[in-house]
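The values are calculated or read from the model by the stated rules, or taken from the named source; none is laboratory data. A quick note: this is a predicted structure, and the numbers were derived from the prediction, not measured. Cβ placement follows ideal geometry from the backbone for every residue including glycine, while neighbour counts extend to all protein chains displayed.
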Amino acid sequence: MIREYGWEPERERPDGPIVALRLEGGSVTLEPGSQIELSGAPYRSVYEGEAESDAHWAELEPVIEELGLKWLALGCHPFASVEELGWVPKMRYEVMREYMTERGTLAGDMMTKTCTVQANLDYASEEDAMRKLRAGLRAQPSVTAMFANSPWNEGKRSGYKSYRALTWLHMDPDRTGLLPFAWKDHPKYIDYVEWALDAPMFLVKRKGKAHYNTGQTFRSFMESGFEGVKANYGDWVEHLSTLFPEVRLKSTLEYRGADVQRPEMLFSLPALWKGLLYDEESFRTLEGLVDWWSFPEVQRQRDALARHGVQTKFMKRDAVDWAGEILELAEAGLRRIGDCNEAGQDEAMLLCPLRELLERGRCPADVLLAQVGEDVPTRDAVMRVGGL
């Protein structure tokens, strides 16, 4: 990719391995278990993001063919164990492997075996950012159920429609979850900052060396330093990237709670969030829809949504009915926004595969399980239905 397409390599130290590529506002990074993540450049239209993804896939195809690789569009590796996948040699992954697995029983699975599709949205002000954070956190568990696409783990049915979502329920509670402070009325930037200040750190990097300071909060690091190292702004930016709530606030808002999807439904996720949060009418209606949902009750029901997808009860109603209402709001928002492709189709078209599933009361995992059937599926069967 460097030689053929002009990507710039990134290393953590001059003699270290390449751990990322950068090009024109986008990046390609390696996650702990060698998952490859494309972080796209900012675009107004979801269709433009789709074109960027297609171009990236075209760049990868010759390498895929040369190495004889097979790709799976699943939220969790269906066969491999954590030990079989190994770890990418990146400084913070070394400390994450030790620290995170002590703080969460499924942390190793999450880091090495799972894969998401995420939507990054911008914001215009503090009020706009915190409204989007607040509404997004309330709606996120329902969206997780709508996109559940990881029913297998280590060669058998896991009992969950989204095993990936299950792993996040058994993670370090200090840096993950639904952020209780954001459920109050009119949260502020300072609420997020105070939460982040009190979250434990992983490491501090200086001159290619990692200083592992797990257990020290960033607040303590700012006040006292660590091993003679004083805090700077770059350390704060790095620290924010080690926090993993269901919606993360950085220079954009990151909606992180969906399993990766097949190509035909991959861009349903950013289209859904755009339609919900970029159109004021849909946004206000969504806020009214979810405002009465309490943090304790939504938190309690997250396991059922991960286990059953949309085929369960949620907040005194069928989860599929909530999902359908959320989908309708997104569709209406996208039609009002009116960003179209070259054929004149607005972005609501990208939600058609999701609508087809919900009208049958299904999530993607339901389709996979119906096609494969067995409790202990063969590799060929999983590759047939989940492969690209």
Can you confirm whether the range 167-175 contains a residue that is surrounded by 15 or more Cβ atoms within 10 Å (Cβ to Cβ), in a helix (DSSP H, G or I), modelled with pLDDT of 95 or more and touching a helix residue (DSSP H, G or I) at 6+ places or on another chain (Cβ under 7 Å)? yes
Checked against (1) within 16 Å of V117 (Cβ to Cβ); (2) in contact (Cβ under 8 Å) with a residue 24 or more places away in the chain, L243 satisfies every condition except (1)
Of all the residues that make up the range 251-296, how many are part of a helix (DSSP H, G or I), of a type in the set (S, T, Y) and closer than 15 Å to F147 by Cβ? 1
Taking the conditions exactly as written (modelled with pLDDT of 95 or more and either among the aromatic types (F, W, Y) or out of contact with any Lys or Arg (no Cβ under 6 Å at 6 or more places or on another chain) (or both)), does R384 satisfy them or not? no
Of all residues being of a type in the set (G, A, S) and at pLDDT 95 or above in the range 235-264, which is nearest to H56 (Cα to Cα)? Just the residue, please. A258
Does V237 count as assigned to a strand (DSSP E or B) and either out of contact with any helix residue (DSSP H, G or I) (no Cβ under 8 Å at 6 or more places or on another chain) or farther than 25 Å from S142 by Cα (or both)? no
Considering only the range 222-242, how many residues are surrounded by 14 or more Cβ atoms within 10 Å (Cβ to Cβ) and either farther than 24 Å from F181 by Cα or in contact with a Phe, Trp or Tyr (Cβ under 8 Å, 6 or more places away or on another chain) (or both)? 8
Odd one out for V320 among (1) over 23 Å from R44 (Cα atoms); (2) in contact (Cβ under 8 Å) with a residue 60 or more places away in the chain; (3) in contact with a Leu (Cβ under 8 Å, 6 or more places away or on another chain): (2)
Please work out if T112 is out of contact with any strand residue (DSSP E or B) (no Cβ under 7 Å at 6 or more places or on another chain), among the β-branched types (V, I, T) and either in contact (Cβ under 8 Å) with a residue 12 or more places away in the chain or closer than 23 Å to S251 by Cβ (or both). yes
Options L203, L197, L178: the member that is touching a helix residue (DSSP H, G or I) at 6+ places or on another chain (Cβ under 8 Å) and closer than 28 Å to W292 by Cβ: L178
Residue check: is S268 under 21 Å from E127 (Cβ atoms), in contact with a helix residue (DSSP H, G or I) (Cβ under 9 Å, 6 or more places away or on another chain), in contact (Cβ under 8 Å) with a residue 12 or more places away in the chain and crowded, with 21+ Cβ neighbours inside 10 Å? no
Just to be sure I understand the filter: pairs with C-beta atoms under 9 Å, separated by 6 or more residues or on different chains, first member in the range 24-42 and touching a residue at least 12 places away in the same chain (Cβ under 8 Å), second member assigned to a loop (DSSP other than H, G, I, E, B) and of a type in the set (D, E). Which pairs pass? A41/E24; P42/D122
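Each row is one residue, and each column tells you yes or no for (1) touching a Lys or Arg at 6+ places or on another chain (Cβ under 9 Å); (2) over 30 Å from R284 (Cα atoms).
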residue	(1), (2)
N153	yes, yes
Y163	yes, yes
L178	yes, no
W183	yes, no
K207	yes, yes
F218	no, yes
Y233	no, yes
Tally up the residues in the range 219-257 that are of a type in the set (K, R) and under 30 Å from P270 (Cβ atoms), please. 3
Looking only at the range 159-173, decide whether some residue is farther than 30 Å from V372 by Cβ and among the small types (G, A, S). no
Selection from the range 104-131 of residues part of a helix (DSSP H, G or I), surrounded by 24 or more Cβ atoms within 10 Å (Cβ to Cβ) and of a type outside the set (A, V, I, L, M) yields D109, T112, K113
